[in-house]
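S.K.: One structure, as structure tokens, below. Some questions next.
Values quoted throughout were computed directly from the atomic coordinates according to the rules given, and no laboratory measurement underlies them. Only a predicted model underlies this, so the values are computations on that prediction, with no experimental measurement involved. Positions of Cβ are backbone-derived with ideal geometry, glycine not excepted, and every protein chain shown enters the neighbour counts.
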Amino acid sequence: MGNPDQPRDKRGKYAKSSLGLAALGAAGVVAMSSGASGGTAAGGAAESVGVPKGLSAQVKQAKESARKGKADDAWRQINLKKKAKDVTKDALDCAINSYGQIRDFFVRHPCKSLDRTLITLADPAGGTFVVSVSWVRMRDKDDVGDLKSLIDTDGTGSVTPLMFTAMKNQGIRFTGTPFHSRPEKDVLVVAEAAVVAGKPDAALMEGTVHVAAELMPTK
């Protein structure tokens, strides 16, 4: 059994929520408000799906923009709109900012640095979701492959998203679906998404985490 005060692992369904993300302040404060008028809960739970062929060309183009540091262009290319200012934070200790076997891994193999951000996006139908991106820089680049193998395995834990507790208290759950990790030299990029309000398109969310994993932290 997992710790109920930690995010669930990379298998499961999104929790339903009637809450909308009104703002993600630069100071790290989350303000929540009711979602669609009438307070209706989010639609049925979204399942992890592969990126469909009809979306693959857009995702490929968006990934190219993300690699160039043009995040806003990337979101537009997959028909998403930014809903709030990104929240970013860096740290030096990965163990205290992770859980499960991933925390144990960082105790044995301390990271060099950790950068995290939260990106709030809306699809064309108004469904809103938040994307957590973490950049884990390891002291030994040989540890990156082992970290990826472990974090990609269901039930092993992960890096804790920024402002996790505040979002959890508002009914926003990171289940690990969708989830994507990408190694880049001595860095492992970890991206996952969670529903905030409405019923965001599951395939689009899947494509979004693949695009987000191409981003690098802004300094």
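S.K.: Under a plain spin-label model, where a point goes 7 Å from the Cα along Cα-to-Cβ, how far apart in nm are ARG67 and LYS82?
M.R.: Calculated label separation equals 2.2 nm.
S.K.: Further question on the same structure: Can you list the aspartates and glutamates whose alpha carbon is less than 16 Å from that of LYS141, not counting same-chain residues fewer than 8 positions off?
M.R.: Here the aspartates and glutamates satisfying the reach criterion relative to LYS141 are GLU184, ASP186.
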